[in-house]
Structures are given as structure tokens and as C-alpha cells.
Amino acid sequence: MRSRLSLAAVTLASTLTAQAPSAAMAQAVAAYAAKVTASAVFVSGRTVDSVFEQEFAPVRPLDALVRPLLRIDVDRARREVTCRLGVARATAVHHEGLGCSLLIGPADPSRRRYARPLPRFTPEMLNTQAEWPRGPLPTAKIPARLDQRALDAAVDLAFAEPDPKKPVFTRAVVVAVDGRLVAERYADGFDAEMPLPGWSMSKTLTNALVGAHVARGAFDVHGRPTVSGWREEGDGRAQVQNRHLLAMTAGLKWSDDYEDPTSDALRMLLGSRDHAEVYAQQPLQTQPGAAFQYASGATNLLCRELRSAYPGRLAYWQMPARFFARVGMHTAVLETDPSGTFVGSSFGYASARDWAKLGLLFMQDGVMFGERILPEGWVARSTTPNGCSGGRYGWQIWLNADPDGDGPRERPWPSLPADLFHMDGHEGQYVVVSPSAGLVVVRLGCTKAGGFPLTAFLGAVHAALD
């Protein structure tokens, strides 16, 4: 259901008897390694050794099998990373201001068009002497209702490593209470200015980008995606609206299975030039609006729809930077697919502090620094459960809502506030917003197999508030 794209995940289909990945699996691993390493090196500023230590940690037997076979070549002059696994080979390239993307198919001689620097539009509100979120300083006045010692213990829990064979690898934790930065911590090699991957947390960023377009009349959630093949007579996909894509209820057949190299999600992220088109070509499985089906492709089709609001590529590529400036997310980057469309499903990067600002934007009903960025009512609609998601999902965001009123099913976190909602990304990326508690919590890391104690951590953070 949720994105689980890791070295372990993309090698699980390899046979233990053969002790070697299939050709399709090897290509998926090579593509994953090239993309992840390129972004880690050129976007986050990390070392290749750090990537091997965490993303390619030999946590499972098949990880240990594949890791020694990987060959990674970083060309800093060309800003490219090439990975090989046997005969499989993949290259990812860095484009200034747009992060990294895989090179799919023949090399595009015009790909350096991406290298034109994009203006960062750093707002004047980023005062180096101001407290967060206007500046970099933590709050000088701790809220009276906060037990600082208990909060420190909660942060300790997030960084604990109880089992050396299953490392948690927490990289960053940020806690904001009532809009004030009250706690943060970083692992060695990571800091407050380092953009880190949000994976599927990027979907909520896409929600915000769509909302900002709706606010200025440049996007219609009740409009229909401009996919030519969907307009043929008798094609049920012609009934899909943008709101269905937001809600993951478009009804197209889709597999977000990251253990199968032929799954739709892996074909899209690791093997296609146009990620939105992979989703657009899927057949209709249920009537639009009738069923919830988590589909990263739906988010990427939304990103392609946003392109129609812009006269050219450069204006479109500048779009996230303009949004980031308004929210004060000065480290943030949203990457594109090889065709130049933003990969809003998975490839958003930002520092822990900047991910917290995105959470704060939602907690403040779409207002940041006194400016309304999202339309009035947008956050309320986005955090209203889809009728067919069992209270779990709104518009590109996970919920803690009651699934069936007074029925027998419980909320995902019964002990936490019902108005809590959260962004959730592969390998344990979380931005949790708890409006009634005035709380925004960010945890970034590289935890495989769901090993981060999220429930205990969130319970401890909430308990630190009176």
C-alpha cells in the first residue's frame, strides 16, 4: 500500500536457490541504486559510504547477497552516478535546481537544459536572527505546558538502537509546539540544513501545490485530466476527475508492490520516462469514486496536470521553488522524471525543519507568515476521510479518523487525538500534525521493515504536553 522501495524490497523476488537476481530484478536494483545515490550525493550532500551504510545496509540475507555485486561510479564533473549489477546498468544525472533523475532510453542530448539555474526566491522572512519558522533559531521561551525532560526522553527513544542487527538509523527529529521549535536532534553526518528524502510524504506536498493553484483559479479539482486516450467513446476513465486522483479513488488498476520488479510502481519509478503516462495507460478496474486504491501514479498524473497552467517548461520547473519561498522551505527540492514532470509521489527533499514547516502550514489552515497560501477550507477537505478508505485517507494524506462511527473498528492510533493526520514515507519518514495538541513532529531516517517505534514515540511526545 505505502511506498516500500528499498534494496531489500526490490531483491525479494530473487531466488535463494539461484543465489542471483533475475535480469529484471538486477535492472531494478541498478536503477534504484543510481537514483538514490545520485540524490544523496548531489541533493543531500552525503557521501557514498553513508549511502552504503544505510540505504544498502545488509539487514536481510538478500541485501547481503546483492550489496557486494553493486558497482557505483560517481562522476562529479558530469554530475552523474552510474550503477552496475552484472550486465544491468543505470545512470542518474543531477539537474541544477531540480534534483536528480534517471536517464531512461537513449541519452537525451538536450538534457542539460535542466542545468539552467532556477531562482530560489528566498523570502526576506528568513531572518537569520529570528526564531523558527521565520529564522533558524529555536524558541527562547518554552511553552509552560511542555515537560522538557519528558520530551527529551521521547527524542532519545527515536534515536535508540536496541538491535544492532536491525538498525533504526534515525537521521533527524524536529518537534514544534504552538508554532515554536522546542526540540531537534541530528545523527552524525546529518544537520539542520540537509535536504533529506520524504518519499511518499511528497504526496502531501503535491496536495499543497494543487491547493495553491486552486487558490489562484489555475486548477479545478472537479475537472477531468487531459489524457487523450480517456476521451474515447465508452471509456469509463473519462469519468475520472482530479478529485479522484487526490483521494486515490480513480478506479484504475494499479499495484504499489515493491517486491515485484514488474509491478506498476517499479515500472513507473525505475523504468519509465513519463511516470504519469504509466498510470494513464492502466485500465479501469472500478467506477471512479467507488474504491480506495493507493496509487503513486495518481499523484504523478496530478503533477502532469499542473503543467497545463504554465506556458513553458521553465515556468513549470520554477513552480515548486515559488511555493517553497512562500512557506519558507529554503532547502526543499522536488525532482522530475526523465520527461521533466515533477515526481510528486516520491521524490521531494527537504530538511527536517522545512518538512516541519509544511506540517505547520497544514496545522495553520493553509496560512503561513500571515499569508493565505491554500484556499480557505482546503485543509479541512483534505483531512476529511474518503468514504471508501475506512477513515484512513483524505486527499494525499493519512488520517487517524474513526472508520465507522460507533462501529467495532478502531482508529489507527486510538490513544492519540482523532484530529491527528500525517505524512508517511518509505523507510520511516513522518510528519505528524496533531492540531488539538498544537503539535508538529518530524522524524526522518532509513529504517527497513517498519522497525521504527512510531506509536511509542508519538505517545511519548504527546505525553510531554500537559
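The values are calculated or read from the model by the stated rules, or taken from the named source; none is laboratory data. Here the structure is a predicted model, which is why all the values come from computation and not from measurement. No Cβ is skipped: glycine too gets one built from the backbone with ideal geometry, and neighbour counts run over all protein chains shown. Heavy atoms of the whole protein, side chains included, go into the accessibility calculation; ligands, DNA and RNA do not. Shrake-Rupley method; radii C 1.70, N 1.55, O 1.52, S 1.80 Å.
Looking only at segment 260-297, residues that are part of a loop (DSSP other than H, G, I, E, B) and small (G, A, S) come to 6 in all. The residues of segment 399-439 that are under 17 Å from P453 (Cα atoms), assigned to a loop (DSSP other than H, G, I, E, B) and out of contact with any Asp or Glu (no Cβ under 9 Å at 6 or more places or on another chain), listed by number, are P412, W413, P414, S415, L416, H426, G428. Answer with yes or no whether A57 is open to solvent by less than 20 Å² (accessible area, probe 1.4 Å), small (G, A, S), modelled with pLDDT of 95 or more and within 25 Å of the chain's Cα centre (by Cα). For A57, the condition - open to solvent by less than 20 Å² (accessible area, probe 1.4 Å), small (G, A, S), modelled with pLDDT of 95 or more and within 25 Å of the chain's Cα centre (by Cα) - is not met. Among the residues making up segment 37-87, a single one is touching a strand residue (DSSP E or B) at 6+ places or on another chain (Cβ under 9 Å), more than 22 Å from F347 (Cβ to Cβ) and in a loop (DSSP other than H, G, I, E, B): G86. Residues in segment 211-245 that are in a loop (DSSP other than H, G, I, E, B), in contact (Cβ under 8 Å) with a residue 40 or more places away in the chain and surrounded by 15 or more Cβ atoms within 10 Å (Cβ to Cβ): F219, P225, V227, V240, Q241.
Could you count how many residues in segment 334-378 are within 13 Å of M423 (Cβ to Cβ) and open to solvent by 10 Å² or more (accessible area, probe 1.4 Å)? Residues in segment 334-378 being within 13 Å of M423 (Cβ to Cβ) and open to solvent by 10 Å² or more (accessible area, probe 1.4 Å): 1 in total.
Which is without any contact (Cβ under 8 Å) to a residue 12 or more places away in the chain, of a type outside the set (V, I, T) and either surrounded by fewer than 23 Cβ atoms within 10 Å (Cβ to Cβ) or over 20 Å from R443 (Cβ atoms) (or both), of A325, A321, A309, A315? Break it down into steps so the answer makes sense when it comes.
Working: A325 fails: without any contact (Cβ under 8 Å) to a residue 12 or more places away in the chain; A321 fails: without any contact (Cβ under 8 Å) to a residue 12 or more places away in the chain; A309 fails: without any contact (Cβ under 8 Å) to a residue 12 or more places away in the chain.
From the options A325, A321, A309, A315, the qualifying one is A315.
When restricted to residues that are modelled with pLDDT under 90, open to solvent by 80 Å² or more (accessible area, probe 1.4 Å) and of a type outside the set (S, T, Y), segment 122-140 contains 3. Using the structure shown, decide if A290 is open to solvent by less than 60 Å² (accessible area, probe 1.4 Å) and either touching a residue at least 12 places away in the same chain (Cβ under 8 Å) or among the small types (G, A, S) (or both). Spelling it out, it is not the case that A290 is open to solvent by less than 60 Å² (accessible area, probe 1.4 Å) and either touching a residue at least 12 places away in the same chain (Cβ under 8 Å) or among the small types (G, A, S) (or both). The C-beta contact set for segment 156-182 (first residue crowded, with 20+ Cβ neighbours inside 10 Å, second residue assigned to a strand (DSSP E or B) and hydroxyl-bearing (S, T, Y), distance under 6 angstrom, 6+ apart or interchain) comprises A158/T170; A172/Y186. For segment 398-437, a residue qualifies if it is touching a residue at least 40 places away in the same chain (Cβ under 8 Å), buried (at least 22 other Cβ atoms within 10 Å of the Cβ) and among the aliphatic types (A, V, I, L, M), and the qualifying residues are M423, V431, V432, V433.
Checking each residue in segment 264-318 for being within 18 Å of the chain's Cα centre (by Cα) and among the polar types (S, T, N, Q) picks out Q293, S296, T299, N300.
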